[in-house]
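Comments concern the structure below.
The values are calculated or read from the model by the stated rules, or taken from the named source; none is laboratory data. Since the model is a prediction, treat every value here as computed from it, not as a measurement. We place every Cβ from the backbone using ideal geometry, glycine too, and count neighbours over all the protein chains shown. The area values use the complete protein model at the heavy-atom level, side chains included, leaving out ligands, DNA and RNA. Shrake-Rupley method; radii C 1.70, N 1.55, O 1.52, S 1.80 Å.
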Amino acid sequence: MEAGDDKGEEDEKDGKIVEDNSAEGKTRGASKSKEEESVPPPPPEPQKDEGILTADVIKYLSKGSYRVPRWARMPTHRKALFEVRKKDEVVDWVALGNSPSIIFGRTKELVDHQMAHASISRQHAAVVHDKHGRIQLIDLKSSHGVYVNRRRIKPNRPHRLRERDCVTFGGSSRVYELHYRMDGGNSKAASDDEPLEFSDDEKPKKKKARKEKTKERVRCSHILVKHRGSRRPSSWREVTITISEEEALEKIKDFRKQLVDAGSQLPDIFGKIAEKFSDCSSAKSAGDLGFFGRRRMQKPFEDASFALSIGELSEPVRTESGIHIILRTG
């Protein structure tokens, strides 16, 4: 073995790297560098939808008729909370960053946050986190509604909550103010304008445009005279009514003659006769029945009312209640 080989072995043992400074070595290095530059970089890995809920988690968080939406995700903002105020005094707080979905309502077994007010539904509303780090509020078709900044939100539709939005439930006076409590004081969630992705069964259904129907309504006053053959022969004037149908008709004809002769004083005279002689409880309001539409009165009464012009007086009208005179007022 030559001396040069011994020195090479010693250099390897000492861990030293011996550079090839020859022309051939430099040419190989330059060629290798060009090959590396010509190779395109690998494509970036697709971003994973972090925080997606498994079927078991969705089943666990769903209660009663409420099902957690498929777009729900694990909370991004773990410190988010509702600050609960009553008459401008903080009385409680509700942590929102511990669960993807939180149900608010009255029935303990069906909710995550129980509320005691009488106007609160069994399952009133739900707070749900989405994949963009936003907090959505859903009115679960409550009877008395959910309000954000004093405006009622649409039922069963996600409503985006922003920093310091004030939420009220039903008729409760308690105000729930949202605080994201983000690091660095940033109060705007990422991807603020990104839309939610609904599954087919969660997509809001578009309501078919309805043709506006103008409901025909009239306003009338009447005088009723009952007889012993009436459906209920009793009134505020008499406990038991004993007159015959013929006698009731004669009374109505007499009243009508007075009204026809009243001229411009017809409305006043009509009211006075109704207050004194009408067997209907509307006597206390001068016979006024207010506005009503079709199928609200007995058929003969309805037909006669809708056939009149405003200010016109009817002929005697027979119904199961008795005999009427009708004055259309609107």
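Quick look at the numbers
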quantity: Test for Ser199: is it hydroxyl-bearing (Ser, Thr, Tyr), modelled with pLDDT of 90 or more and either part of a loop (DSSP other than H, G, I, E, B) or surrounded by 10 or more Cβ atoms within 10 Å (Cβ to Cβ) (or both); calculated: no
quantity: Helices (runs of 4 or more DSSP H) wholly inside the range 220-330 containing at least 1 residues that are surrounded by fewer than 17 Cβ atoms within 10 Å (Cβ to Cβ), of a type in the set (Ser, Thr, Tyr) and at pLDDT 90 or above; calculated: none
quantity: Condition met for Leu161 (under 19 Å from Val175 (Cβ atoms) and open to solvent by less than 40 Å² (accessible area, probe 1.4 Å)); calculated: yes
quantity: Some residue of the range 67-76 being hydroxyl-bearing (Ser, Thr, Tyr), open to solvent by 10 Å² or more (accessible area, probe 1.4 Å) and in contact with a Gly (Cβ under 7 Å, 6 or more places away or on another chain); calculated: yes
quantity: Conditions (1) modelled with pLDDT under 90; (2) part of a strand (DSSP E or B); number of the one not met by Gly133; calculated: (2)
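Residues are listed down the side, and each one gets a yes or a no for (1) crowded, with 16+ Cβ neighbours inside 10 Å; (2) in contact (Cβ under 8 Å) with a residue 24 or more places away in the chain; (3) of a type in the set (D, E, K, R):
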| site | (1), (2), (3) |
| --- | --- |
| Thr54 | no, no, no |
| Lys63 | yes, yes, yes |
| Leu81 | yes, yes, no |
| Glu89 | no, no, yes |
| His113 | yes, no, no |
| His124 | yes, yes, no |
